[in-house]
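Every number in this text was worked out from the coordinates using simple rules, so none of it is lab data. Please read all numbers here as calculations on a predicted model, not as lab measurements. As a convention, Cβ positions derive from the backbone with ideal geometry for all residues, glycine included, and neighbour counts pool all protein chains shown.
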Amino acid sequence: MQGWLRGKIMTSLVNGHRAKKKDEVRLHTAQVHAALSVAQLAAAIAGFAANSSTEAAQDINIHATNGGIVTRDKDMGAVASAAALVATVCAEAAESVGARRAHITSAVSSGLASRTSVDMMALTATAATCNAFHIFRSFQTIISKDISENGKP
C-alpha cells in the first residue's frame with residue numbers, strides 16, 4: 001500500500017511539473033508571437049509611411065503657402081522615421097523575449113512587403129489578438145498562483 005501511494009504521489013508531482021512546464025512554454029511562445037506581430041505591424045506602418053513620403057516627393061502632396069510659394073509636405077517623412085524607430089524597438093523587444101533573428105527578419109520583411117489596406121487590417125488584428133491573448137494568459141497565471149497560495153481568488 002505504501003509503495004503504491006508513494007508511486008501515486010510521485011506520478012502526481014511529475015504530471016504537475018509537466019503541466020506547469022507546458023504552460024510556461026505556451027506562455028513564452030505567446031509572448032514571442034505577440035512581440036513579432038507588433039514588430040511586423042510597426043514595419044508595415046513604416047513601409048507604408050515611407051512609400052507615402054516617396055509619393056509626396058513626386059508632387060502628389062503639395063501645399064501652397066503664403067506668397068504663392070509651394071512647399072512639399074514633409075510630415076510623412078517624419079512619420080516614416082518615427083515608425084521605423086518603433087519597428088526597431090519592437091524588433092529588439094522581440095529578441096529580448098526570445099525570438100530568433102531569422103524570425104524577426106522574416107516578420108519585418110513581411111511587414112515591409114504589406115501594401116494594401118487589407119494587409120494592414122490583418123496585421124493590426126493579429127497584433128491585437130496576440131496581445132489580448134498574452135494579457136489574458138498573464139492574468140490567468142496570476143489568478144491561479146493566488147488560488148494555489150491562498151486557497152481562494
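The length gained on full extension between Thr129 and Ala113, counted as 0.36 nm times the residue separation minus their Cα-Cα distance, comes to 3.6 nm. Computed from the C-beta positions of Val97 and Lys22, the FRET efficiency with R₀ = 25 Å rounds to 0.85.
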